[in-house]
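Since the structure comes first, as structure tokens, the remarks are kept for the end.
Quick note: the coordinates plus some simple rules give every number you see, no bench work behind them. Because the structure is a prediction, the values reported are computed rather than measured. No Cβ is skipped: glycine too gets one built from the backbone with ideal geometry, and neighbour counts run over all protein chains shown.
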Number of protein chains: 2
Amino acid sequence: MSAAIRVAPTAATRATSLLRTVQFTHPPNCPCHSNPGYHHRHARPQVERYAQRTRETGKRGFASPLDPAQQKEYAFEMAASSIRFGPGVTQEVGMDFANMGAKRVCLVTDSTVRQLTAVKQAEEALSREGIEYEIFDKVRVEPKDSSIKEAIAFAKPYNADAFLAVGGGSVIDTAKLMNLYTEYPDADFLDFVNAPLGKGRPIDKKLKPLVAIPTTAGTGSETTGTAIFDLVAKKAKTGIAHRNLKPTLGICDPLNTKTMPAAVKASSGLDVLFHSLESWTAIPFNERTPRPTNPILRPAYQGANPISDIFSLNALRATVKYLPRSVRDPEDFEAQNEMLLAATLAGVGFGNAGVHLCHGMSYPISGQNPGYKHAGYEVTSPIIPHGVTVAVTAPAVFRFTAPSNPDRHLAAAEAFGVDITNVKREDAGEVLGEAVAKFLADLGDQPNGLKGLGFTNGDIENLVEGTIPQARVLMLAPGLAKELEHERDQLRRLFENSMTHW
Amino acid sequence: MSAAIRVAPTAATRATSLLRTVQFTHPPNCPCHSNPGYHHRHARPQVERYAQRTRETGKRGFASPLDPAQQKEYAFEMAASSIRFGPGVTQEVGMDFANMGAKRVCLVTDSTVRQLTAVKQAEEALSREGIEYEIFDKVRVEPKDSSIKEAIAFAKPYNADAFLAVGGGSVIDTAKLMNLYTEYPDADFLDFVNAPLGKGRPIDKKLKPLVAIPTTAGTGSETTGTAIFDLVAKKAKTGIAHRNLKPTLGICDPLNTKTMPAAVKASSGLDVLFHSLESWTAIPFNERTPRPTNPILRPAYQGANPISDIFSLNALRATVKYLPRSVRDPEDFEAQNEMLLAATLAGVGFGNAGVHLCHGMSYPISGQNPGYKHAGYEVTSPIIPHGVTVAVTAPAVFRFTAPSNPDRHLAAAEAFGVDITNVKREDAGEVLGEAVAKFLADLGDQPNGLKGLGFTNGDIENLVEGTIPQARVLMLAPGLAKELEHERDQLRRLFENSMTHW
């Protein structure tokens, strides 16, 4: 958890309930609590004016007498990339760059995707418009800071006036960071990395246009301002997240996802499922603290809100319906189309609300893999696909979060096809947990809990310690304690309860 | 109807059904059909390359042997302004401009709104950040080309580096056009106006940042790329519509809509209702012709699509629930909040799908007002509020459109609270038409059809002729004939059936 939300209660908190009403209060005294470690360049003068008014009037300078770190959020913001969706639409991308006036494009991909039609179509589209481009195809799947730095080193001298990412989440995320750090050539890599591992500096410049063409139906990265990677020195998965990092345009072409093997369809689809379910059940935006003192500091992962809810619930229903069909039948193009759309909708949902425990706990599971190789992945070294690491704790997670908002968890169970007419609210967690476990078991080839991945009870302490740094998502987990030892206990129990599910 | 969709069928249409399959075809021969009257600067080289390849190979240069004007659309695009929502959030707007690096802001409003707290809050927010601004408060409600030209003449010498619109749809639309024409100082006013009245030139430059703060819960203009006005010389309501016209950010602050009188709440809420219902029932995007040859030519009003559907249906349900409450009880802040949110959601819906007959027929109703003064509007000259002009034909419209898609019309009836369990599909129109009429009657102070506004059967021919130029929306009306005399007959009957509703 970030330092900001651990500030000890002061006398001022007694007045906090006043603020539950809708009245806005002026920017309060210290803007730094909202993003530990970073003093925003525009926030400082407010503090000075506040102090001055206080001296002049003998009263507090602004309307609110409260510590901002204690104040809850009162607003939410929805931002998403433009999305174009249609079979074959990849071939329009050259015209898009021509329309933007781009002349030198950096095409980002990985060595596997480079062999696929998607990249060939994109290259043809660029050539048809006479647009110069250079390909960087060394993106690492599950990027590390080192692989991202390598990509940035490629991009800097090429001096592209636009970026094109063709691939899965790793490719799109890497392209986002190539775009970011070429625009801030003197920045330290940690400047923009999420606090507390990095400095959480907000992105206050307009980046170059980035068009993202996903080749999996999973990540939703084509619509979000998030980029995830391993920070090797800290042994942690972290990322950079800011609205201004989001692509200009996501081009969703179902012809590009047809080639996914069934196992990849399943695991990337599980990512979609839990993007939806976690953003739907995240704490509400107006329960998040602190209230940002400048809108640029309002996190993209802001908690569930009325607009993200619409996306998340729709994506959840679609995934429950179409993921099993798309995994089972490679000729079911309707199901594939719908899964690509669901991935993008879920991207808008979690991109404006956030994810929580399944994702937070997934990072140490992936990093501490005891040697599991997922069926259907033709690899020489052990791998637990991201979607599988997320899904493996899910039945326990939603049993844990349900008491925070039983109605939402019941609605989710209903999306899984459960008849909730006579289910009691106190049984919401049990019912949803069971529905999720059944869905995973029925999908096929999924590990039965952490044991199925080769973890034992002896691994739990390390898994817990690997989860603790995921402050950005853990702060959105309903019911998770803010006190560190209590939080450790809760996480320990969640891992224990994830050992087997059926 | 535009010339493009009236092209007589050729032999090539026999092959069109092949294209119903998902396969993309390369840009075909003439890019102009997609936007009559405008040859796009990037499209021309494709035509030349096409001709050259045809000469060289003896075969048609691109994959498709079909006339593009006959091809149906295969993709859709969703674009929306970022939206920030919260009570009091107006006060953040100065920081937004500071974050963008804007130093000179043109604040656009009208003389009525200028007296309200919203403008004062915005001014304070700009001053607090030391941002220079100038106010243009001469926006005309229901703008004319002349009032817009006056606004542009104000904006040009001021040379703002960003725009701020505070007001209803007229204000936000005028600000969009001030932004557009200061960026294209040498353009003729008609260049960008929708075909066939104007040249329908697409906007291919990035405009200056525009932040829109709505003070009504109606227009949704804060999220759309559309601006509507009267083209006086042509006696027609028309507009300019392109994604690149959309505001950078819509700031939706429920404190700004609290002051609307009940009558304004009702009529602006009716606009929301029919933005939702028309976009939900518009023809599907993949039934629209022609297929654009360049993505910049893809209209924002593209027909119903899977993403607009989500917004439209949600906004419809919310409006049915909260509009009557918000009109009846000035203290019902929950209903006011929800209506502001619904207006914005409906804006995203129709902004990416379009509206059809209610809006298309509303423009001559407003222009040919026989002298009606709406209750609750304190004006000296006659006025039919926009939402009322839209609503007054609605029962007849949805009876007419229902056979195109009975299931969607039944779902809409269900949103109005009708139990559709045993309703036959062929009764969908009757059931929805009746539900809409009942909703209007129950809302109170609504005219009972065109007669209630003072129109007689003798006015119908002029109303029909005034509707015909609304090609951009009529092309999205399901069931409307493409043949002009047939279309006239249908419109005539719709006006006749709108004389009284209860």
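Working from label points 7 Å from Cα in the Cα-to-Cβ sense, the A:Ala233 to A:Ile468 distance is 2.0 nm.
Do me a favour and compute the ellipsoid semi-axes for the protein assembly as shown from its Cα gyration tensor, root of five times each eigenvalue, largest one first, whole Å.
Values: eigenvalues 366, 239, 173 Å².
Semi-axes, largest first: 43, 35, 29 Å.
Reported value for the stretch A:167-316: 129 Å³ per residue, from the convex hull of its C-alpha atoms. Along the stretch B:402-407 the Karplus relation, 6.51 cos²θ - 1.76 cosθ + 1.60 evaluated at θ = phi - 60°, assigns HN-Hα couplings of 4, x, 5, 7, x, 4 Hz to successive residues, with x for each Gly and Pro. Convex hull volume per residue, computed on the Cα atoms of the stretch B:288-381, equals 145 Å³.
Share of antiparallel DSSP beta bridges in chain A, in percent to the nearest 5?
Details: 6 of 29 bridges.
Taking every DSSP beta bridge with both residues in chain A, the antiparallel ones total about 20 percent.
What is the dipole size for the protein assembly as shown, taken about its Cα centre, with +1 at each Lys and Arg Cβ and -1 at each Asp and Glu Cβ, in debye to the nearest 20? Please list the in-between numbers first.
Working: 108 positive and 108 negative charges, 339 e Å.
Charge dipole of the protein assembly as shown: 1640 debye, to the nearest 20.
Beyond 44 Å, what share of the Cα-Cα pairs of chain A is found? Please give it as a whole percent. Intermediate results must be reported in sequence, preceding the final value.
Values: 16227 of 125751 pairs.
Roughly 13 percent, once rounded to a whole number.
Rounded to whole numbers, the Karplus 3J(HN,Hα) couplings from phi for the stretch B:177-191 are 7, 4, 5, 4, 7, 6, 7, 10, x, 9, 5, 6, 4, 6, 3 Hz, using 6.51 cos²θ - 1.76 cosθ + 1.60 with θ = phi - 60°, and x at Gly and Pro.
Each 10 Å bin from 0 upward holds the following percent of the Cα-Cα pairs of the stretch A:262-496: 8, 33, 38, 18, 3, 0. Using a cut-off of 18 Å between Cα atoms, the listed pairs A:Lys103/B:Lys206; A:Lys103/A:Lys208; A:Lys144/A:Lys265; B:Lys235/B:Lys451; A:Lys199/A:Lys234 include A:Lys144/A:Lys265; B:Lys235/B:Lys451 as exceeding that distance. Here the stretch B:380-442 is treated as a sphere whose radius is the Kirkwood value from Cα pairs; by Stokes-Einstein at 4 °C and 1.567 mPa s it diffuses with a coefficient of 106 µm²/s.
Sort A:128-136, B:185-193 by packing, meaning the average of other beta carbons within 10 Å per residue, with the highest value first. Show your work: numbers first, answer last.
On the way: A:128-136: 17.3, B:185-193: 15.1.
Descending mean neighbour count gives A:128-136, B:185-193.
Need one value for A:248-255: mean number of C-beta atoms belonging to other chains within 10 Å of its residues' C-beta atoms. List each step's numbers first, then the result.
Numbers: counts 0, 3, 1, 3, 1, 2, 1, 3.
Per-residue shielding by partner chains comes out at 2.
Of all chain B residues, the closest to the B-onto-A rotation axis by Cβ, with that distance in whole Å, is B:Ile310, 3.
In order along the stretch A:267-283, the Karplus-derived 3J(HN,Hα) couplings, from 6.51 cos²θ - 1.76 cosθ + 1.60 at θ = phi - 60°, round to 6, 6, x, 5, 4, 4, 4, 8, 4, 5, 6, 6, 5, 5, 9, 5, 4 Hz, and Gly and Pro are given as x.
In this structure the amide hydrogen of B:Lys144, modeled in the peptide plane, comes within under 5 Å of the amide hydrogens of B:Asp230, none closer than 5 places in sequence on its chain.
Under 30 Å of direct C-alpha separation, and excluding same-chain neighbours fewer than eight residues apart, B:Lys424 reaches these lysines: A:Lys321, B:Lys321, B:Lys438, B:Lys482. Note on B:Glu334 and B:Glu485: with the Förster distance fixed at 35 Å, the Cβ-Cβ geometry gives a FRET efficiency of about 0.10.
Estimate the FRET efficiency between B:Arg325 and B:Arg425 by the formula 1/(1 + (r/R0)^6), using the beta-carbon distance for r and 30 Å for R0, to the nearest 0.05. Can you show the working numbers first?
Numbers: r = 32 Å, r/R0 = 1.06.
The computed FRET efficiency comes out at 0.40.
When all alpha-carbon pairs of the stretch A:231-369 are counted, what percent fall beyond 25 Å?
Values: 3290 of 9591 pairs.
Roughly 34 percent, once rounded to a whole number.
Taken residue by residue and averaged, Cβ atoms of other chains lying within 10 Å of the Cβ of A:490-498 number 0.
How long are the semi-axes of the ellipsoid equivalent to the stretch A:382-502, from square roots of 5 times the Cα gyration tensor eigenvalues, in whole Å, largest first?
24, 20, 11
Across identical copies of the chain, B:Phe189 has label-point separations of 5.8 nm, listed in ascending order, with the point defined 7 angstrom from Cα along Cα→Cβ.
Among the GluC sites (Glu not before Pro) in the stretch A:328-382, those placed in a DSSP loop whose Cβ has at most 11 other Cβ atoms within 10 Å are A:Glu331, A:Glu378.
For the stretch B:147-203 and the stretch B:427-460, what is the separation of their C-alpha centers, rounded to whole Å? Here the two parts' Cα centres lie 35 Å apart. Ranked from shortest, the separations from the 7 Å Cα-to-Cβ label point of A:Glu496 to its equivalents in the other copies are 7.9 nm. Peptide B:92-100 has a mean shielding of 5, counted as Cβ atoms of other protein chains within 10 Å of each residue's Cβ.
Remark on A:Ala304: its backbone amide H falls under 5 Å from those of A:Ala282, A:Ile283, A:Phe285, a criterion applied only to residues 5 or more positions apart or on other chains, H modelled at 1.01 Å from N. Each Lys or Arg adds one and each Asp or Glu subtracts one; over the other residues with Cβ under 10 Å from the Cβ of B:Arg140, this totals -2. Per residue of chain A, the DSSP helices (runs of n ≥ 4 H) give a summed -39500 (n - 2.57) that works out to -13000 deg cm²/dmol at 222 nm.
With the Cα gyration tensor of the stretch B:82-256 giving a ≥ b ≥ c as the square roots of its eigenvalues, does the rule (a/c under 1.5 for rounded; else a/b larger than b/c for prolate; else oblate) give rounded, prolate or oblate? Walk me through the numbers on the way to the answer.
Values: a/c = 1.75, a/b = 1.53, b/c = 1.14.
Prolate is the answer for the stretch B:82-256, as a/c is 1.5 or above and a/b outweighs b/c.
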